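Please treat every number below as a calculation from the coordinates, not as lab data. Values in this document were obtained by computation on a predicted structure and should not be read as measured data. Virtual Cβ from ideal backbone geometry, glycine too; neighbours counted across all protein chains shown.
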Amino acid sequence: NAGVTQTPKFRVLKTGQSMTLLCAQDMNHEYMYWYRQDPGMGLRLIHYSVGEGTTAKGEVPDGYNVSRLKKQNFLLGLESAAPSQTSVYFCASSRLPAGIPYEQYFGPGTRLTVT
Amino acid sequence: AQTVTQSQPEMSVQEAETVTLSCTYDTSESNYYLFWYKQPPSRQMILVIRQEAYKQQNATENRFSVNFQKAAKSFSLKISDSQLGDTAMYFCAFLYTGTASKLTFGTGTRLQVTL
C-alpha cells in the first residue's frame with residue numbers, strides 16, 4: 001500500500017504559468033481533499049470531493065480548479081499561477097465516516113514556488 | 001463555522017520532561033471529533049491522537065494523552081517523557097461529521113525538545 005502519493009514533490013513556476021498537481025490514493029477512499037499550508041496559518045482547505053465525479057469548494061478555492069474523474073485520483077489545477085499561490089500543498093483522503101473511527105490520511109506534500 | 005485556536009506559537013521542553021500544548025475551539029455542533037497531528041521537519045502529517053466528542057473518557061496513546069473539556073471547548077495535548085523525536089509542529093484539528101468530514105486546523109505550535 002502506497003497510501004496517498006503526490007506528484008510532483010517540488011515545482012517552481014513563473015507568474016502566469018499553469019500546472020496540475022496529482023494526488024493518488026490506493027485505499028479505495030471515497031473522500032479526498034486539497035489543503036494549502038502557509039507559515040503561521042495552519043492548513044486551509046482549498047477543494048474537496050465526496051466521490052468520483054463530484055467536487056466542492058473549501059475555504060480558499062479562488063485561483064484553483066479540481067477534477068475527480070477516477071475515484072483514486074484528485075487533480076488540483078492552477079490556470080494562471082500567482083506569487084500568492086506559493087505554498088505547500090497537501091492532499092488527503094478518508095473513508096466514509098459513519099460508524100468507524102475517522103482519520104484523514106495525508107500525502108507527503110508538494111512545495112510550489114511562484115516567481 | 002468552526003474555529004480552532006492554538007495560542008502557543010512555540011514551546012520548548014527538556015528531554016524526559018512533560019509538556020502540555022493548548023487548543024480551544026468554537027462550535028455549535030454536538031457530534032464531532034478532535035485531533036492532534038504532528039508535522040516533523042519531513043513535512044509528513046502524522047495523526048497523534050483522536051477524541052470523539054461523545055466520549056467522556058480522555059484518549060491516550062502511549063506517551064500522548066489529551067485533556068478534553070467539552071463544556072469549556074478545550075482540548076489540550078500532554079506529552080510525557082518527551083523525546084528528541086517529538087520535535088515538530090503540532091496542529092489541533094476539528095471535524096464535524098456533517099460537513100463532508102472537513103478538517104479545520106489551528107495555526108500550530110512548534111515544539112522543540114532539548115537535551
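Worth a mention:
- Any cysteine of the protein assembly as shown lacking a neighbouring Cys Cβ under 4.7 Å - listed by number: none
- Radius of gyration, Dmax [the protein assembly as shown; alpha carbons; angstrom]: 17.7, 52
- Among the chymotrypsin sites (Phe, Trp or Tyr not before Pro) in segment B:1-87, those located in a DSSP loop and surrounded by at most 16 other Cβ atoms within 10 Å of their own Cβ are B:TYR54.
- Relative pair counts by distance (%), Cα atoms of chain A, 5 Å bins: 2, 13, 23, 25, 19, 10, 4, 1, 0, 0
- Lysines whose Cα lies under 29 Å from that of A:LYS57, excluding same-chain neighbours fewer than 8 positions away: A:LYS9, A:LYS14, A:LYS70, A:LYS71, B:LYS38, B:LYS73, B:LYS102
- For chain B, the Kirkwood radius over C-alpha pairs fed into Stokes-Einstein at 20 °C and 1.002 mPa s yields D = 151 µm² per second.
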